[in-house]
1. Give the whole-number value, in cubic angstrom per residue, of the convex hull volume spanned by the C-alpha atoms of region 122-295.
2. So what's the convex hull volume per residue for the Cα atoms of the chain, in Å³?
3. Within region 122-295, what percent of beta bridges assigned by DSSP are antiparallel, to the nearest 5?
4. Any idea what the relative contact order of region 190-315 is, in percent, if you count C-alpha pairs under 8 Å spaced at least 6 apart?
5. If packing is taken as the mean number of other Cβ atoms within 10 Å per residue, what is the order of 175-182, 137-144, 286-293, highest first?
6. So what is the calculated 222 nm ellipticity per residue for the chain, using -39500 (n - 2.57) for each DSSP H run with n of 4 or more, over all residues, to the nearest 500 deg cm²/dmol?
7. From the convex hull of the Cα coordinates of region 177-280, what is the mean projected area in square nanometres?
8. Angle between the Cα long axis of helix 301-311 and the longest principal axis of the chain, 0 to 90 degrees, nearest 10?
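Where a number appears in this text, it was derived from the coordinates with a stated rule and is not lab data. What you see is a predicted model; the values in this text were computed from it and never measured. A quick note on method: Cβ atoms are made from the backbone with ideal geometry, for glycine too, and the neighbour counts reach across all protein chains shown.
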């Protein structure tokens with residue numbers, strides 16, 4: 001058995017997995033504390049509670065962190081949303097869990113490794129998350145490309161808009177994350193409600209039918225799937241930004257596939273026309289025919305990726 005911990009920007013998940021990727025037990029809680037020591041202690045306590053019946057069988061624990069990571073040293077270099085810097089993640093959890101084998105990786109890199117180990121993802125692909133933010137990973141010839149300073153695959157901070165750029169959480173303008181993350185799509189939706197009376201009326205109708213309806217990317221997808229042209233246009237534009245970022249990646253790495261993960265990837269059919277439009281404009285001949293699909297690992301892609309770190313140390 002293997003342990004898996006996914007420390008995300010909005011929630012933290014812990015699990016015990018079988019060596020074939022089946023989730024045996026899991027727990028999760030919100031990522032709210034900006035104090036890394038406090039959050040890590042809660043994470044360790046939650047994992048131990050989850051894993052208590054299986055601790056003697058666990059061979060190691062894989063841990064995802066929401067930022068740049070030095071996997072060789074088990075170090076979180078920088079997590080922008082939490083402003084965590086240079087944190088010895090592996091050492092902390094080795095002591096807190098009394099488990100010697102601790103593997104640490106950037107969360108999206110882990111997803112890519114999980115795609116190789118559990119999803120049959122192939123040897124040449126890009127992995128892009130569309131969630132609270134945007135992250136990415138590059139796999140070439142079966143190997144994860146980390147880069148000289150662990151920054152390879154930062155698709156979220158590729159520049160995709162120059163004329164009317166939105167400010168990104170990193171402080172720059174026009175990044176993919178500021179234009180086409182789940183957070184950005186939700187923000188654009190709420191801004192559009194002020195200008196678009198038809199979209200506002202459709203939103204109010206949806207809220208009247210469903211008290212759990214939210215004015216976010218998920219809510220917008222419900223309207224788009226129901227035929228709202230305004231909602232569909234927002235997704236088309238988000239898809240075009242995503243397509244621009246993907247075109248940069250396919251021109252450089254020439255992958256066979258692009259896997260999309262995260263909650264917004266569920267809206268792939270709404271995004272795909274815009275993605276294809278930009279790929280045809282910007283990608284070199286041949287590379288634009290890359291397959292684009294939702295990850296096969298589903299909602300638990302990050303957890304499975306964390307577990308895969310324990311099994312595949314050479315990727």
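1. Per-residue hull volume (Cα only) is 117 Å³.
2. In the chain, the Cα convex hull volume per residue is 133 Å³.
3. Roughly 55 percent of the beta bridges in region 122-295 run antiparallel, per DSSP.
4. Relative contact order here is 24 percent.
5. By packing density, highest mean first, the sequence is 175-182, 137-144, 286-293.
6. Only helices count here, giving -13000 deg cm²/dmol.
7. Computing the convex hull of the Cα atoms and averaging its projections yields 6.6 nm².
8. 30
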